[in-house]
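Peer 1: Could you have a look at this structure, given as structure tokens, before my questions?
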Amino acid sequence: MFEKFSLNKGKTAMPKHEDTKSISIPNHVAIIMDGNGRWAKKRGLPRIAGHREAMKTIKRVTKEADRLGVKVLTLYAFSTENWKRPKAEVDFLMKLPQQFLNSYLKELIEQNVQVKAMGDLSRLPTYTLSAVNDAIEKTKANSGLILNFALNYGSHAEIVQAVKKIIREAHSPEDISEKMIADHMISPALPDPDLLIRTGGEIRLSNFMLWQLAYTELYFSEEYWPDFNEQSLQDAVRAFSSRQRRFGGLAEGSENP
Ligand code: FPP
């Protein structure tokens, strides 16, 4: 399930040949990018300055995840609950995908990154949707890291629409299986996250991928998202690598009572 790769503590983006310790790299890393507002407030800036800075973090974390050998990076960019924020902030957040892609799409293409999006995209403003669709289209033949943006995404909404689809297809209760439910989720056909990172010091999931996170390793960082960097991602991956994943089973060698 995991690819073996290595990295050293205390160094950032080191070349592979300098790495010494072999660690397990999660295939799919999902991130709740929290703390933008507090990052800005700490500096006496408006909240939107934190969101703007967040785009730089997305860029460097995408690069580093790719370098480490992560295959899928899912970023929680806008939740179904974020519409409750003041209109000016929502409007600003809605402009970020377009701004981000205007600045970085060329680089993402050069990096062989494949852009995807999950969520109820129908409610996004046209300019946001066009920018996202354009990036999906232009990167669909790429074979490198999948950069999956969760946009107007909420886990409860996702489960509700899965149930609706299943009922519409008129399955009998006996047909319902875990696989059927998983297959009706709106998230694209991606493996479940192996590692979930939440920045910003809060210890909660905030309606993010609740079905898919059933056996995901959770990692909470005190750092605000704009401060999160290559080293922070390496620390999270190292913590993941030290965990023993049993998926409800027993550790190897502990079968005998
Ligand atoms: C949480 O911080 C962050 C968000 C609700 C928005 C996250 C969006 C981005 C990082 C940019 C998205 C960009 C692209 C390219 C799609 P917060 O505002 O809740 O921070 P706080 O908890 O400190 O107030």
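Each value in this text was obtained by applying a stated rule to the coordinates, not by laboratory testing. Bear in mind that the values here come from a model prediction, so they are computed numbers and not experimental data. Virtual Cβ from ideal backbone geometry, glycine too; neighbours counted across all protein chains shown.
Peer 1: By its C-alpha gyration tensor, with a ≥ b ≥ c as the square roots of the eigenvalues, how is region 75-152 shaped: rounded for a/c under 1.5, else prolate for a/b larger than b/c, else oblate?
Peer 2: Prolate, since a/c reaches 1.5 and a/b exceeds b/c.
Peer 1: Dipole of the chain, Cα-centred, from +1 at each Lys and Arg C-beta and -1 at each Asp and Glu C-beta, to the nearest 20 debye?
Peer 2: Using only the charged Cβ atoms, the result is roughly 880 debye.
Peer 1: Still on this structure: Run through region 179-243 and list the GluC sites (Glu not before Pro) located in a DSSP loop whose Cβ has at most 11 other Cβ atoms within 10 Å.
Peer 2: For GluC sites (Glu not before Pro) across region 179-243 that sit outside H, G, I, E and B with at most 11 neighbouring Cβ atoms in 10 Å, the list reads Glu222.
Peer 1: Using a simple charge model, +1 on the beta-carbon of Lys and Arg, -1 on the beta-carbon of Asp and Glu, nothing else, what dipole does region 192-257 show about its Cα centre, in debye to the nearest 20? Don't skip to the answer; put the middle values down first.
Peer 2: Working: 6 positive and 11 negative charges, 43 e Å.
Charge dipole, region 192-257, about its Cα centre: 200 debye, nearest 20.
Peer 1: In addition: Which of Arg245, Arg52 comes first, and how do the rest follow, when ranked by fewest Cβ neighbours within 10 Å?
Peer 2: Going from least to most buried by this count: Arg245, Arg52.
Peer 1: Averaging sequence separations of C-alpha pairs under 8 Å and six or more residues apart, then dividing by the length of the chain, give the relative contact order as a whole percent. Walk me through the intermediate numbers first.
Peer 2: Values: 407 pairs, mean separation 67.0, N = 257.
In percent, rounded to a whole number, it is 26.
Peer 1: Would you work out the charge dipole size for region 115-257 about its Cα centre, treating the Cβ of every Lys and Arg as +1 and the Cβ of every Asp and Glu as -1, and quote it to the nearest 20 debye?
Peer 2: The calculation lands at about 320 debye.
Peer 1: Follow-up question, since we're still on this one. Could you check the spin-label model distance between Ser242 and Ile176? Points 7 Å from the Cα along Cα→Cβ, value in nm.
Peer 2: The answer from the label model is 4.2 nm.
Peer 1: How far, in nm, would the chain grow between Ile109 and Ala88 when pulled straight, counting 0.36 nm per residue and subtracting the alpha carbon separation?
Peer 2: Stretched out fully, the Ile109 to Ala88 stretch lengthens by 4.4 nm.
Peer 1: Looking at the square roots a ≥ b ≥ c of the eigenvalues of the Cα gyration tensor of region 128-257, which shape do they give, rounded for a/c under 1.5, prolate if a/b is larger than b/c, or oblate? The partial results should precede the final answer.
Peer 2: On the way: a/c = 1.86, a/b = 1.09, b/c = 1.70.
Because a/c hits 1.5 or more and a/b fails to exceed b/c, region 128-257 counts as oblate.
Peer 1: Computed FRET efficiency, Cβ-Cβ of Arg168 and Arg123, R0 35 Å: what is it to the nearest 0.05?
Peer 2: Result of the calculation: an efficiency of 0.95.
Peer 1: For a test of the definition: using alpha carbon positions, the gyration tensor, and the 1.5 limit on a/c, classify region 24-126 as rounded, prolate or oblate.
Peer 2: It is prolate, given that a/c is not under 1.5 and a/b is the larger ratio.
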